[in-house]
Amino acid sequence: MFPSRGMAASQSRWSHRHALFAAALLLSAPAASAFNIERSEARYVDKHFRYELVVTLDAPIDRVDEVLRNYADYPSLNHRILEAKILERPAPDSVTLETTVEVCFGWFCRNVTRVERVQESKYTLLAVADPARSDVRFSETRSELSTGHHGATRVKYVTSVVPGFWVPPLGGRRMLLRTLENETRDLFMSVEQKAKDPAVTTP
């Protein structure tokens, strides 16, 4: 028994619609490993402004690590970072880094400088500020990288800061916590974009 002409046409239309629907799902579905925030929490505890971010970047771990260690290029990662320069490298796995960032409370902005000792280990950076040379009383930042699924990179970033500069008593804490959260997210989105590009090799 052979299908009728009408039945064949109906099956053809159904197959066509099914194929279009499947294609639409594929096109609209986001990449599973693209910038995916697992945890984002900003808190004020005992005079410390703390922020923790756990995020998956759609980029290979070695490239993410390379971007994070290119300290002089930090201003390209976030517009609030005005300057970043290595003052010295006292050991092969240690860097003294000076950064200047713009911190704003509404219309009032000021530049904040930190001089940090950055300890480098495999896929981990630990930066501790020198209060005597910085505009902070305390600052410690740790970033750890691990391999995610399908060549992605999982980042755990934790920072804790006690400002040595004036923070407005009315709404200042909330604004600074929001700045920590937003600017850190933007920075790692830029890291992801840069890390997707192949490394530049010099002849």
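No lab work stands behind these numbers, since they all come straight from the coordinates. None of these values were measured; they are calculated from a predicted model. Cβ sites come from the backbone with ideal geometry, for glycine too, and all protein chains shown count toward neighbours.
For region 155-189, backbone nitrogen atoms closer than 17 Å to the point 7 Å from residue 113 Cα along Cα-to-C-beta are found at 164-166. If you take the alpha carbon atoms of region 87-150 and fit the smallest convex hull around them, that volume is 122 Å³ per residue. Count Lys and Arg as plus one, Asp and Glu as minus one, and take only other residues whose Cβ is under 12 Å from that of residue 159; the net charge is then -1. For region 32-196, what log10 I(q)/I(0) values come out of the Debye formula at q = 0.13, 0.17 1/Å, with one point per alpha carbon and no solvent? Each listed q maps to, in turn, -0.61, -1.06. The label point for residue 196 and the one for residue 40, both projected 7 Å from the Cα toward the Cβ, are 1.8 nm apart. The mean sequence separation of alpha-carbon pairs under 8 Å and at least six residues apart, normalised by the residue count of region 74-146, gives a relative contact order of 20 percent. Near residue 103: Cβ cut-off under 15 Å, other residues only, Lys/Arg at +1 and Asp/Glu at -1. The net charge is +1. Extension gain, residue 158-residue 96: 0.36 nm per intervening residue step, less the Cα-Cα distance, totals 20.4 nm.
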